[in-house]
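To keep things clear, I will list the structure first and then write my remarks on it.
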Amino acid sequence: MRMLLTDLRYALRILRANPGFTAVAVLSLTLGIGANVAIFQLLEAVRLRTLPVKDPQRLAMLQLADRTGWRGNQATAYDAALTNPIWERFRESQNAFAGVLAWADNDFNLAPGGEVRLARGLFVSGDFFRVLGVRPIQGRTFTAADDRRGCGLPGAVISYSFWQRELGGDTAVIGRKLTLNGHIVEIIGMTPAGFSGVEIGRSYDVAVPICSQAVLWSEGNWLNEGTTWWLTVMGRLKPGWTLAKTNAELRVSSTGLFHASLPPNYPAVNVKDYLKFKLEAVSAKTGVSALRTQYSDPLLLLLATTGLVLLIACSNLANLMLARATARAHEIAVRLALGASRVRLVRQLMVESALLALVGGACGLLLAGELSHLMVGLLGTQNSLFLDLQPDGSVFAFAAGIAGLTCILFGLIPALRATRRPPADVMKTGGRGLTTSRERFGLRQALVVSQVALSLVLLVSALLFSGSLGKLLAVDAGFRQGGILITDLDLSRLMIPVAQRTAFKRDILQRIQALPGTAAAGEAYMLPLSGSGINNQVWLVGTDSNPKMTSNFGWISGGYFKAMGMTLLAGRDFDRRDTTSSPSVAIINQSFARKLGLGDNPVGKRFRREATPSQPETVFEIAGLVRDTKYYSLREEFAPIAFLSTAQDAEPGPFAQFVVRFDAPLADVTSRVKQAVKEVSPAIIVDYKAFDEMIREGLLRQRLMARLSSFFGALAALIAAVGLYGVMSYLVMRRTNEIGIRMALGANRGNIVGLVLREAATLLLVGLTTGAVLAMAAGYAARSLLFGLRPTDAGILGMAAALLAAVTIAASYLPAWRASRLDPMAALREE
């Protein structure tokens, strides 16, 4: 320990005596380690971290083992959702778990009227908090008695963050009232700061019992709906039970469960499939998350990217350490000659490397905290994204492991090489020490080649992801994306009879259409590119023997096509002729007509749509043909779409969504629409969003990859350029005598510049050749994240190579220029 402390003090003196080298080394390690830890921190928060509840390893989630024949409405992002009738029967009859719970996320409006002010809400079962082992810090949580049919609004449990943000940390919070969707509810409890729910990426503000859904929603009681899949069900395994044993029990009990819960409106053709459903349990220790599906692969790829950046930084540091070893060759030779063992000197040199790695790792850990929050900001939208980014043992272990690995990568080889040559050989070389070692210079060249190769991989990746984003943004979706305002109205507080809702919405729409700055407006039940959709099977009337086709559906009013800039190719738009008492009509797109073989003008032909849980089999007459448009996302191919008239909806809901195309400033149009709605009734709840903003939010993953890969690619190119500059400077120093002789014999400055640049070009060429092979392999691995570009795109590869060549040649020119300015006589005297 005394010797180690001595080495540590000596290393501190050496690093303090070389502030330039120390600053460069620490900065390189801080950037490399910080980027790696930040990405790992996000990856761990999304994929690996267990829920902050009691014994999370004992939690399991229930889902259908096979979804064949699944029908109905999936009102959640998770395929594991079950219906409330299934949940209630399972809760009362199950024997596989020590306790079970169910929940569903839902936003609640806190505003009594006017513009929406949302709270992130949860519908939870009575035993939700008890099964998770979450105890309140004030008041109480729900019990099984709170969650029974007809419960009304027995109270609300709030989160710690909501208490601080919305209620100002009021110590007398229990008993205070909240307004949720226009209903008054009393706060009965508050959960601790460490609990944010069981969904990764989304925290909760207010929780109410599942049975309160019947009260908080003016219409649409999902408690009785056997075809609305909206509840996520979890359970805590019994002591000694495994997932395999639990699933064996579920396979036996599922038969009776699904026979007892068969909905009366389940499509007859799929009843046999429903009765064959089996429940299975999967681990839920890390909760559930839509982020996990969307961002796991990109984060893994970014972790590999930052790993390459760290390798480049380590290669650069190894070059610096080799240069320092060259300068200290005489000192090391003297130590060896005086009796120091090679192991002793290697250990001393490694202590210097370890000290740099320690400082760089500590600074990198601090930087990682800022970077990870910055990246969460890139992932988040107007709906705030919640991730627990407090560093835990895994993050600290990863940071320590990375720091230790970098210490070995940039410190060990220079230390071994610095102590390998016999002292006598070093003394014979005089003041130059190891500067004449071709082996030493060859290693430095190899390190630069590796930096160039890895930098090319990162630049190609950056250009591929940026190019993919550009191509997505340039996709012709078949409709306008800019200059459109989405206006959502909640009319439920007006208690409008169902028969009068269509006329009421039409009146509001006409008011909006007449506003100054409004070019066109229409109603849309479901917006394109929103990620939501409805599809059913269709077939031509009179051709039941032909194969059925799956088509997407949308519900719109007249004026929608004009507002969206969609081209009507044949037939007519929806108008006042279309009512609930007139024949059902549809407007189809080109893909629909093409796949059913309807020709260029299908107007007047008829097709059938299969029966759904809410509607019987229906015949539609085609009233018009519209140009193809995207439905779910910009990445998809054009698919069949049938547009139906909102005016023919026999049971319109108490909500309306209008698309408003404007040719005036957005703020002015929003203000006018707001005023027009307020004149109809101040009780209407309104929410607004620009359509192009919604589309950008749908491209968050592509934007994240484009931005971060571009940043890391530029950083890698900069580090590689610095490395090449160092090698070229060392080359000039090593060949000072040779350059002096060449200039004395008549070589001009251009000859000297060309001599140095040829050396740089050789290293660059070898690095680019190696990097091109690696870049194509990396592009192939990331092909699922690309759009409109091949992983081996020659143009991208050539552009990246040209950019890197320009940067590295520019970095090499300064040493070459300095070499050409040497005084021949001074160069000949150089030792």
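The values are calculated or read from the model by the stated rules, or taken from the named source; none is laboratory data. This one's a predicted model, so the numbers in the text were calculated from it and none came from an experiment. Cβ atoms come from the backbone with ideal geometry, glycine included; neighbour counts cover every protein chain shown. We work out accessible area using only protein heavy atoms, side chains counted, and drop any ligands, DNA or RNA first. Shrake-Rupley method; radii C 1.70, N 1.55, O 1.52, S 1.80 Å.
Details
- Against the criterion of being modelled with pLDDT of 90 or more, buried (at least 19 other Cβ atoms within 10 Å of the Cβ) and within 30 Å of F711 (Cα to Cα), L456 qualifies.
- Residue match in the stretch 509-526 (condition: part of a loop (DSSP other than H, G, I, E, B) and closer than 20 Å to P640 by Cα): yes
- Comparison of R117, R176 shows that the only residue that is of a type in the set (K, R), under 30 Å from T670 (Cα atoms) and free of Cβ contacts under 8 Å to residues at least 40 places away in the same chain is R117.
- Any pair with Cβ under 6 angstrom, 6 or more apart, that starts in the stretch 390-403 at a residue that is under 16 Å from V359 (Cβ atoms) and ends at one that is surrounded by 16 or more Cβ atoms within 10 Å (Cβ to Cβ) and among the aliphatic types (A, V, I, L, M): A399/V37; A399/L365; I402/I33; A403/A357
- For the stretch 736-758, taking the residues that are surrounded by 13 or more Cβ atoms within 10 Å (Cβ to Cβ) and polar (S, T, N, Q), the one that is farthest from the chain's Cα centre (by Cα) is identified as N737.
- Sub-8 Å Cβ pairs linking a first residue in the stretch 635-648 that is without any contact (Cβ under 8 Å) to a residue 24 or more places away in the chain to a second residue that is surrounded by fewer than 22 Cβ atoms within 10 Å (Cβ to Cβ) and part of a loop (DSSP other than H, G, I, E, B), at least 6 apart or interchain, are E636/K630, ordered by first then second residue.
- Pairs are defined by a Cβ separation below 9 Å, a sequence spacing of at least 6 or placement on different chains, a first member in the stretch 70-82 that is more than 11 Å from L231 (Cα to Cα), and a second member that is open to solvent by less than 30 Å² (accessible area, probe 1.4 Å) and of a type in the set (G, A, S); the pairs so defined are G72/G226.
- Exclusive hit being over 30 Å from E331 (Cβ atoms), at pLDDT 80 or above and crowded, with 23+ Cβ neighbours inside 10 Å, set S461, S466: S461
- All conditions in (1) assigned to a helix (DSSP H, G or I); (2) open to solvent by 20 Å² or more (accessible area, probe 1.4 Å); (3) out of contact with any Phe, Trp or Tyr (no Cβ under 9 Å at 6 or more places or on another chain) hold for F712, with the sole exception of (2).
- Verdict on D544 being part of a loop (DSSP other than H, G, I, E, B), out of contact with any strand residue (DSSP E or B) (no Cβ under 6 Å at 6 or more places or on another chain) and either modelled with pLDDT under 90 or under 19 Å from Q648 (Cα atoms) (or both): yes
- Considering the stretch 438-453, and only residues there that are in contact (Cβ under 8 Å) with a residue 60 or more places away in the chain and open to solvent by 20 Å² or more (accessible area, probe 1.4 Å), the residue that is farthest from I796 (Cα to Cα) turns out to be L443.
- In the stretch 277-299, of all residues being among the aliphatic types (A, V, I, L, M) and outside any helix (DSSP H, G or I), the one that is farthest from S468 (Cα to Cα) corresponds to L279.
- Annotation: of all residues in the stretch 495-519 being touching a residue at least 60 places away in the same chain (Cβ under 8 Å) and within 20 Å of D578 (Cα to Cα), the one that is most open to solvent (accessible area, probe 1.4 Å) is R506.
- Residues that are in contact with a Pro (Cβ under 8 Å, 6 or more places away or on another chain) and either open to solvent by less than 30 Å² (accessible area, probe 1.4 Å) or charged (D, E, K, R) (or both) within the stretch 226-273 comprise G226, T227, S261, P263, Y266, P267, listed in sequence order.
- Per this entry, P791 is not counted among residues that are surrounded by 17 or more Cβ atoms within 10 Å (Cβ to Cβ) and within 24 Å of L724 (Cα to Cα).
- For the condition buried (at least 20 other Cβ atoms within 10 Å of the Cβ), touching a strand residue (DSSP E or B) at 6+ places or on another chain (Cβ under 8 Å), at pLDDT 80 or above and farther than 16 Å from I86 by Cβ, S315 does not qualify.
- Some residue of the stretch 95-112 being within 21 Å of L223 (Cβ to Cβ) and surrounded by fewer than 17 Cβ atoms within 10 Å (Cβ to Cβ): yes
- From the options R818, R758, R790, R749, residue that is of a type in the set (K, R), free of Cβ contacts under 8 Å to residues at least 40 places away in the same chain and touching a helix residue (DSSP H, G or I) at 6+ places or on another chain (Cβ under 9 Å): R790
- Of the residues in the stretch 607-614, at least one is buried (at least 20 other Cβ atoms within 10 Å of the Cβ) and not in a helix (DSSP H, G or I).
- Counted residues, the stretch 186-198 - those being part of a strand (DSSP E or B) and either over 17 Å from F123 (Cβ atoms) or open to solvent by 30 Å² or more (accessible area, probe 1.4 Å) (or both): 2
- Matching residues, the stretch 469-494, being open to solvent by 40 Å² or more (accessible area, probe 1.4 Å) and touching a residue at least 12 places away in the same chain (Cβ under 8 Å): K471, L473, R480, Q481, D488, R493, L494
- Qualifying residues in the stretch 200-232 (those that are in a strand (DSSP E or B) and within 25 Å of the chain's Cα centre (by Cα)) - the one nearest to P85 (Cα to Cα): L231
- Screening the stretch 547-576 for residues that are assigned to a loop (DSSP other than H, G, I, E, B) and at positive phi and picking the one that is least open to solvent (accessible area, probe 1.4 Å) gives G559.
- Some residue of the stretch 145-152 being under 18 Å from S212 (Cα atoms), buried (at least 22 other Cβ atoms within 10 Å of the Cβ) and modelled with pLDDT of 90 or more: yes
- Here is the figure for the stretch 759-771: residues that are surrounded by fewer than 19 Cβ atoms within 10 Å (Cβ to Cβ) and either polar (S, T, N, Q) or under 31 Å from the mean Cα position of the chain (by Cα) (or both) total 3.
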